[in-house]
Amino acid sequence: MQGSASQANTKRRLLAQWMATGILPHEPQVRLWLRRYRISREDADEIVQDAYCAIARLDSFDHIDRPDAYFFAIVRNLMLRRIRRRRVVQIDMVAEIESYVDDDRPSPEREVAAKLDWARVLGLIADLPERCRQAVHLRKVEGWSQRRIAEHMNITEAAVEKQIWLGIKALRAAWDRGPFVEEAASDAKRVERRS
Amino acid sequence: MTGNAQNIEDTAAYWVARMDADDWGAEDEAQLQSWLNADPRRRGELARTQALWLALDRPDADRGGDREDAAPVYRRRGVLAILCATAAASLAGVWYFDSARSYETELGEIRRVTLSDGSVATINTASRIAVHVEKKKELIRLDHGEAWFQVAKRPDRAFVVETGAVTVRASGTAFSVRRLDRGSEVMVTEGSVETWCGSTIDQRVFLRAGDRAFISEDGMIRKQRAIAASIDRSLAWRAGKIVLLGDPLDYAIAEFNRYNHRKLVLLDPRIGVEQLDGVFRFDDVEGFARTVGQVLSVKVDATKSDVVRIG
């Protein structure tokens, strides 16, 4: 039983790790794209959530060569479904989205999006309340285990876990406030101007 | 945001923190499963939160120090190591031979791939390259077709393209190689390259930005100092375009036919020498044919799906 629990945990972690590198960094681009179609913030939240649900149900992901293109494809379908359900359908909008073919080739925007800006991540961590900041910093930047952090900070492992929880909530909220989306928007402008 | 959604987010964050600790057990797993099964949205929320948490890890591969977490983490790193094998090997300077990793494009397809040394290969229609990463060089074999290489500036590594008997060697430059029937054409857009045929490396020819050369399989090298604009034009395919500037219709038709299943056929060979100007999308066969029809006042028959007849 213990073995199968850790197996399940590992499997979940592998998927999350794949999403961390292949899916999540493209979320700002996806949101920017939804915004271009004048999808409201609330609707965009739900579409993105539904997309993550679909991805979380994947049994395997080795066959997906381009996670970013896969992510865009799922979001596009969810968006179409949502628009069609509306009572008043803007025909030209549906046609435009339907004819949208995700350009599979890496673009400057995509390459920028492929990685989270580490300096910005450090900034977010630095903004956390002190104890929480210390625990998250040791865990993420130094790569220490929660157990070692507990010894170092001279608190219980449960207390470290609590600080990590607070940290995750705060960082998540920061991510959702969308500074990365604004950055993606300004990157996109820069790219457009250059070309 | 509703209270319920906030609650899901907070609980997802709690589970991610719990999984991040060192003592995940059967009881945790059972509780998590029952939480997940109660609402389909929860699985997505958990995955997203966990992905975000893992995305915040320091980006460098080897963190040293205290990474002796539980076994699952090691396994995770093992898989990651495989995923990033190419990049890691070249970073660490480890000898790594990726036996013929090849990239192939279909008719009309253009593909950009980033190679392990950071160089970028843009592969034109109906082409195939095979990439070997060797100790001190990237060895690219162009089996057929054409590719444009933007070579990363790496003084310690050479970048070599072989096509038939022709070899091109570069470092930190950009150039294209196209394999033709009896030889290969090399165009340099940035920096310089050396090229030779067979084992005659002592007779190699230097090409600088703006040069183009045709190297025949029997060792003849025809070098041309081309103007940059003509090279840009020859490489317009990188943007999905065919650019004509006083080029004969024969040439234009051959170019379109490189990219499309629907072939252009010239019924009246006498008009093949007519010169044309224009910028076309390379998949717009019919649009090009109609333009030619208007400009040269000839008939265009586009009723068949596999062929467009001109003349």
Note, region B:286-294: 3J(HN,Hα) by Karplus (6.51, -1.76, 1.60, θ = phi - 60°), whole Hz, Gly/Pro = x, goes 5, x, 5, 4, 5, 4, 4, x, 6
Built amide H within the under 5 Å cut-off of B:ALA158, gap 5+: B:LYS137, B:GLU138
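For region B:125-181, what does the alpha-carbon gyration tensor say about shape, rounded, prolate or oblate, given a ≥ b ≥ c as the root eigenvalues, a/c under 1.5 as rounded, and a/b over b/c as prolate?
Because a/c hits 1.5 or more and a/b exceeds b/c, region B:125-181 counts as prolate.
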Can you list the residues, at least 5 places off or on another chain, whose amide H is less than 5 Å from the amide H of B:HIS144, using H built in the peptide plane? B:ARG128
Chains B and A, summed buried accessible surface - 1.4 Å probe, Å², nearest 100: 5100 Å²
Return the sequence-ordered ³J(HN,Hα) values of region A:18-23 in whole Hz as given by the Karplus equation 6.51 cos²θ - 1.76 cosθ + 1.60 applied to θ = phi - 60°, using x for Gly and Pro. 5, 5, 4, 9, x, 10
Taking H placed 1.01 Å from N in the peptide plane, check which residues at least 5 places from B:ARG112 or on another chain put their amide H under 5 Å from its amide H. B:ILE123
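Which sequence of A:ASP176, B:ASP301, B:ASP202 reflects their accessible areas, 1.4 Å probe, from the largest down?
Result, largest first: B:ASP202, B:ASP301, A:ASP176.
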Distance from the Cα centre of region B:198-240 to that of region A:51-76, in angstrom? 42 Å
Can you classify region B:97-230 as rounded, prolate or oblate using the Cα gyration tensor, where a ≥ b ≥ c are the square roots of its eigenvalues, rounded means a/c under 1.5, and otherwise it's prolate if a/b beats b/c and oblate if not? rounded
With no solvent and one equal point scatterer placed on each C-alpha of region B:240-310, evaluate the Debye formula and give log10 I(q)/I(0) for q = 0.17, 0.19, 0.24 Å⁻¹, two decimals. -0.52, -0.66, -1.12
With x for Gly and Pro, the residue-by-residue ³J(HN,Hα) of region B:101-115, computed from phi through the Karplus equation 6.51 cos²θ - 1.76 cosθ + 1.60 at θ = phi - 60° and given in whole Hz, is 6, 10, 10, 10, 10, 7, 4, x, 9, 10, 10, 10, 10, 8, 8
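The values are calculated or read from the model by the stated rules, or taken from the named source; none is laboratory data. These figures come from a predicted structure and were not determined experimentally. These area figures cover heavy atoms from the full protein model, side chains too; ligands, DNA and RNA do not enter into them. Shrake-Rupley method; radii C 1.70, N 1.55, O 1.52, S 1.80 Å.
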